[in-house]
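One structure is given here, and the rest of the page talks about it.
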Amino acid sequence: MANRPMLEIAALEKRFGSNTILKNIDLKVAEGELVFVIGPSGSGKSTMLRCCNRLEEPTSGDIIVDGRNIMQGTSRDLDRMRLQVGMVFQGFHLYPHMSVLKNVTLAQRKALKRTKAEADARAMDMLERVGMEHKADAYPAELSGGQQQRVAIARALALDPKVMLFDEPTSALDPELVGSVLKVMKDLRAKGMTMLVVSHEMGFARETADRVVFMDGGVIVEEGTPEQIFGAPQAERTKAFLSRVSG
Amino acid sequence: MDRFLQTFFNPVVAAKYAPDIIAGIWVTLEIAAAVIIAGIGLGLLLACLRAYRIKVLNFFIICFADIFRALPPLVVILILYFGFPSIGIRLSGPMVLFIVLSLTLAAFAEEIFWAGFSSVEKGQWEAGIATGLGFSRTLVYIALPQAVRLAFPPLVNRVLAITKMTALGSPIGVSEILSSATTAQSFSGSATPLTMSVAAYLAIFVPMVIVARWLEGRTAWKKR
């Protein structure tokens, strides 16, 4: 845990008009750490995640990826830094007009300027890692949700990101498909990827997270190890939320 | 019955004016091809520019599209051909026809492509931008192919409509199909050249309609 911070969110604020979504968020994710963000819907956890690659523009604050502040620099700098921050969406968002292989090679070719051979080789490695190499020539519409999400993970990994952001990666999946995606994420963690995950998979958080962050009303209410948060939550709001979700 | 055949299907007249009508077919096809390429190209370019959401630029693009969709092309053709020489701009008939029809098609094509862009899911843009492609490359590689696919069926209908409008060249002396036929009709005093023009239009458009129908049937994303 003494590792240097790979992703640092400092004094992050997000307002829409007079509506404050995020207030004074500070969060550090160390290299190789898996940080899990939980909280009721509307707590701002997805917005916080989307600020980390500026898909959502922060109102103020800093986002520092591996020592570089992505709030500074030109839009070209921002695009370069976005390559280092992989993102996996709730809705997968694979490109429907491209084969699985093309989905995974597009940004490698056009943004990283890799050759076709390099990009294809890297894509096949990553598809193998998520167990999807046999579907390289398929189109997204021919895949199940779980398969699409694994391809989306491979698409992000192929760019060699330093951090991976997961925005409710299993929420749109049928229950029987969730396991395949969680397995891939667990494997990523074992390989030392730095990960920030917004999810409702409490069992998975308990099992694999290094740290759990509880958010409510646009602020971080409490953070700690899974044992602390799930076993002995301190804040009333955390207790109330956990008793609701565990039913 | 005999009189009907003499009027509409006179073989002597048909033989005499067939070369004129055939020449008219070529003029129609050439102008149509140029209009389709220029009109769709310009329409696509404008729709892409509009995607950047630059307020001033979009104001002009929307004005252009609305005005050219609202105006009857014949009015603009007559103004350019008969009005513009008075201010020193002299354009040939085929050039006037090409310009007006291209702009009209561009106005419709822009709206059709824009509707296509608007139906591309927001998540598609986000996926491209999150992978470092930036707005322009996301536009070209991700949004554009999907927008074009969605735009295809309405665009085909527009192309058919605009190709038919080449007949508007006839009042300004462009010797396309209709013009050749009416000229031949005046000289011969027979309606047979008009029948020939019907045949000529059908010869062009029935295959186009069939191809369009076939293309529209292939809309699902799958292996090619």
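So here's what we get for this one:
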read-out: Where labels lie 7 Å past Cα in the beta-carbon direction, separation of B:ASN157 and A:THR74 in nm; value: 4.5 nm
read-out: Equivalent-ellipsoid semi-axes of the protein assembly as shown, from the Cα gyration tensor, Å, largest first; value: 62, 24, 18
read-out: Area hidden from solvent between B and A (accessible, protein heavy atoms only, 1.4 Å, total, Å²); value: 2000 Å²
read-out: Rounded to the nearest 20 debye, dipole of the protein assembly as shown from Cβ charges on Lys, Arg, Asp, Glu; value: 680 debye
read-out: Relative contact order (%) - criterion: Cα under 8 Å, at least six apart; region: the stretch B:147-224; value: 27 percent
read-out: Ratio of the Cα radius of gyration of the stretch B:1-121 to 2.2 N^0.38 Å, where N counts its residues; value: 1.48
read-out: Förster radius 51 Å - calculated FRET efficiency between A:SER144 and B:LYS55 (Cβ-Cβ, nearest 0.05); value: 0.75
read-out: Relative contact order computed over the stretch A:92-247 (Cα-Cα under 8 Å; 6+ residues apart), in percent; value: 17 percent
read-out: Residues of the stretch B:117-134 buried by at least 40 Å² on assembly (accessible area, 1.4 Å probe, chain alone as reference); value: B:GLN124, B:GLU126, B:ALA127, B:ILE129, B:ALA130, B:THR131, B:GLY132, B:LEU133
read-out: Highest to lowest packing among A:221-232, A:145-156, B:177-188, scored as the average C-beta count within 10 Å; value: A:145-156, B:177-188, A:221-232
read-out: Dipole magnitude of the stretch B:40-137, debye to nearest 20 (Cβ charges: Lys/Arg +1, Asp/Glu -1, about Cα centre); value: 200 debye
read-out: All Cα pairs of the stretch A:104-148, percent lying beyond 12 Å; value: 61 percent
read-out: Spherically averaged projected area of the stretch A:55-176 from its Cα convex hull (nm²); value: 8.3 nm²
read-out: Note, ³J(HN,Hα) from phi for the stretch A:233-241, Karplus 6.51, -1.76, 1.60, rounded to Hz, x at Gly and Pro; value: x, 8, 6, 4, 5, 5, 4, 4, 5
read-out: Mean Cα-pair separation over length for the stretch B:19-122, i.e. relative contact order, pairs under 8 Å, 6 or more apart, %; value: 47 percent
read-out: Residue-span extension gain [A:GLU236 to A:ASP26] - 0.36 nm each, minus C-alpha spacing; value: 73.5 nm
read-out: Cβ-based charge dipole, chain A, positive-most Cα from A:SER171, A:THR208, A:GLN234; value: A:SER171
read-out: Low-density loop cleavage sites - GluC sites (Glu not before Pro) in the stretch B:50-131, where at most 15 other Cβ are within 10 Å (DSSP); value: B:GLU121
read-out: 5 Å-binned pair-distance histogram of the stretch A:110-211 (Cα, whole percent); value: 2, 12, 23, 24, 20, 12, 5, 2, 0
read-out: Axial C-alpha extent at least 27 Å, average Kyte-Doolittle at least 1.0 - helices from chain B (DSSP); value: B:11-51, B:93-119, B:192-216
read-out: 10 Å Cβ neighbours from other chains, averaged over peptide A:88-95; value: 5
read-out: Rg over Rh [alpha-carbon atoms, Kirkwood Rh] for the stretch B:154-195; value: 1.13
read-out: Extension reserve of the B:ILE67-B:SER119 stretch, reckoned as 0.36 nm per residue once the Cα distance is removed; value: 16.3 nm
read-out: Loop-resident sites, the stretch A:69-143, for GluC sites (Glu not before Pro), counting at most 11 other Cβ within 10 Å (DSSP); value: none
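The values are calculated or read from the model by the stated rules, or taken from the named source; none is laboratory data. Keep in mind that this is a model prediction, so the values were computed, not measured. Neighbour counts run over all protein chains shown; Cβ positions are idealised from the backbone, glycine included. Heavy atoms of the whole protein, side chains included, go into the accessibility calculation; ligands, DNA and RNA do not. Shrake-Rupley method; radii C 1.70, N 1.55, O 1.52, S 1.80 Å.
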